[in-house]
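Below is one structure, written out as structure tokens; comments come after it.
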Amino acid sequence: MANHLSHANLMGLPTELFDDICAKISQSAIVRLGRTCKELNARIQGPLYYHAMVISYKKLSLLQRSLTEAACHDGRGGVISKNIRDLKVFVDTNENSGNWSTAVVLGRMFQSLARYCPRINIKLSLINATCQGQPIGAFGTEVFPRITHLILNTAEDQTSTASNPSTQRAAVVNNSRTAYAHMGPVRKRCGPNKEFWTGLFNGDSFPDLQEIEIIHGETRTWYSHDEPKFGSSDLKGLGRITRLVVSRAPELNDKILMSALSLAMSLKKLELKKIEGLSYNAISKLLQFALPNLTHFTLHVKYGDSSARDVERSLRHVDTLEAGPHEDVHHLCPLIREYGKNIQHLDIFLPYICREVFLTAAERKKLSEAGVNISIGNRYGDIGTELLDKTSIVKILTDYRKALSHAKFQQAVKENIKEASTTGKTKAHNLAEYEEDQKKYSRARSIQQERWTRILRTCNKLCRPYETFEELVLLAGLEEPGITWKLGHETLDVAAICQPPTVAREGKYDELMPINARSLTESANIDEVRERRRGYELD
């Protein structure tokens, strides 16, 4: 036994164990290990390239050269090289004055990588790109295989060049300065256009794309009177997309969103942040159509959005006890409550929020019939001179919801028995009750294991005058047990975190909200937020 152990070394380990060890150490440590001897240097070549990352076009070229030098023919006549499984590529389109960041060159580069490593998964991040310049404007003319995750981080209103196919070829064959010299610099303005979306989602340019993030910089926006019209195959690639993030992109508007909704059947995670071209009309349809099928949904609307302001004004003429919906008033709060019940992670940041995220019309009537006054705040949502009757609110809503839950349970049991009878089977009442109870327990386990979260914040005030943020915190504490609620009011600089049935933890907005929820990123800037807070204090 001791004799065997004395001869144990890394070279004697099975490949699976050796690869498992390499997976637990850093890339630099693997490189240092390979420098110890020729045998280990040969053995680390696999683990070293399993998860690779390149941070420039130059290093991407060097990687391709390494794959070419190590390439060999397999038994079926194909060509194989390093066994790269995951590759992260970061390309700055301003590198080398943009001469090499064309769609033609990048397309050929990734086609070569896919040929050498047919099972590779590529995550491509384009930095300082322009929506109508190279390479984004020419995506539709090339093929980028094995790219499963694409991040487009566009620069702020940069000067770019034209991107038609003929000038692309000229930029590859000739010096790009010569190719574009007669055209001069072109100042591009972003807006809704067909080419931008078809280049990404035509299904041919990115045949393996599953996740995409479009992070747009601040830019001047134009809106053409000619709305983009899509053919039946222009957006077929959307059917494979599982995660979509769009931030600030002027290319997205109501009509494009409506055209894409019915095609994104595999979509599970959707993030829409501060998009000027989306109105509450389109967002309300999105909530009804997509929210029941999503697991993660993020919606951020910027302060001062005209569509949000119109809805807030319209709500002044709507009775708070009416059930709705109202055709002319696209109120998002009740839609979030109704269609977001089964979503795992919900992040809402709106200029206006209200109690209808938590209360149905029937529950509001119950409180009104009991004589409980819940309209006691000022126009910002702060508490007034009258105190909120928390005890009465909790008792009335708890009793009502308990009775409603029991009635729904009995109805579900009856439907369970009826469904069994349609197939010619008989089912005892107690067995049907047991099955319905198991559904409830299964949901409770999912909530706990998946850590369901609801983030609800406003950057201005509540939807209606005299509603209070304190009431929202109280109502969040009466929601389904296990779900974590994070509420925030940016103008009042207050926030609360609660996980029913525990007591809420309240504090300052900037203290309780995570870094990605701070005013600096979600509002225009921190100075504007501070100005709004000073205005509230003066009132």
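The values are calculated or read from the model by the stated rules, or taken from the named source; none is laboratory data. Since this is a predicted model, take the numbers as computed values, not measurements. Positions of Cβ are backbone-derived with ideal geometry, glycine not excepted, and every protein chain shown enters the neighbour counts. Note: areas computed on protein heavy atoms with side chains; ligands, DNA, RNA excluded. Shrake-Rupley method; radii C 1.70, N 1.55, O 1.52, S 1.80 Å.
I'd like the accessible area for Val311, computed on protein heavy atoms only with a 1.4 Å probe and all protein chains in place. Round to 10 Å², please.
20 Å²
As a test of reading the structure, rank Glu467, Glu415 by solvent-accessible area (1.4 Å probe, protein chains only), most first.
Glu415, Glu467
How many angstrom separate the Cα center of the stretch 104-131 from the Cα center of the stretch 188-209?
Here the two parts' Cα centres lie 16 Å apart.
How high is the FRET efficiency from Lys255 to Ala29, r the C-beta distance, R0 56 Å, rounded to 0.05?
Between Lys255 and Ala29 the formula returns 0.60.
Give the aspartates and glutamates whose C-alpha is closer than 17 Å to that of Lys229, dropping any in the same chain fewer than 8 places away, or say none.
Glu195, Glu251, Asp254
Could you give the distance between the Cα centres of the stretch 479-516 and the stretch 7-52, to the whole Å?
47 Å
Probe radius 1.4 Å, ligands and nucleic acids ignored: give me the carbon and sulfur share of the accessible area of the stretch 398-472 as a rounded percent.
Roughly 52 percent of what the probe reaches on the stretch 398-472 is carbon or sulfur.
Sorted by mean Cβ packing within 10 Å, highest first, what order do the peptides 401-408, 37-44 take?
By packing density, highest mean first, the sequence is 37-44, 401-408.
How far, in nm, would the chain grow between Glu415 and Ala362 when pulled straight, counting 0.36 nm per residue and subtracting the alpha carbon separation?
Contour length minus the Cα-Cα distance gives 16.7 nm.
Give me, ordered by chain and number, the residues 5 or more places off Ser266 or on other chains with an amide H under 5 Å from its own placed amide H.
For Ser266, whose amide H was placed from the backbone, the distant partners under 5 Å are Ile241.
Write out the trypsin sites (Lys or Arg not before Pro) in the stretch 413-473 meeting two conditions: DSSP loop, and at most 13 other Cβ atoms within 10 Å of their Cβ.
In loop regions of the stretch 413-473 (DSSP not H, G, I, E or B), the sparsely surrounded trypsin sites (Lys or Arg not before Pro) are Lys425, Arg451.
Can you give the local net charge around Ile497? Use residues other than it whose beta-carbon is closer than 9 angstrom to its beta-carbon, Lys and Arg +1, Asp and Glu -1.
+1
Just reorder Tyr400, Tyr303 by solvent-accessible area, largest first, 1.4 Å probe, all chains present.
Largest to smallest exposure gives the sequence Tyr303, Tyr400.
Taking 0.36 nm per intervening residue step and subtracting the Cα-Cα distance, what contour gain separates Ala444 from Glu95 on full extension?
Result: 120.5 nm gained on full extension.
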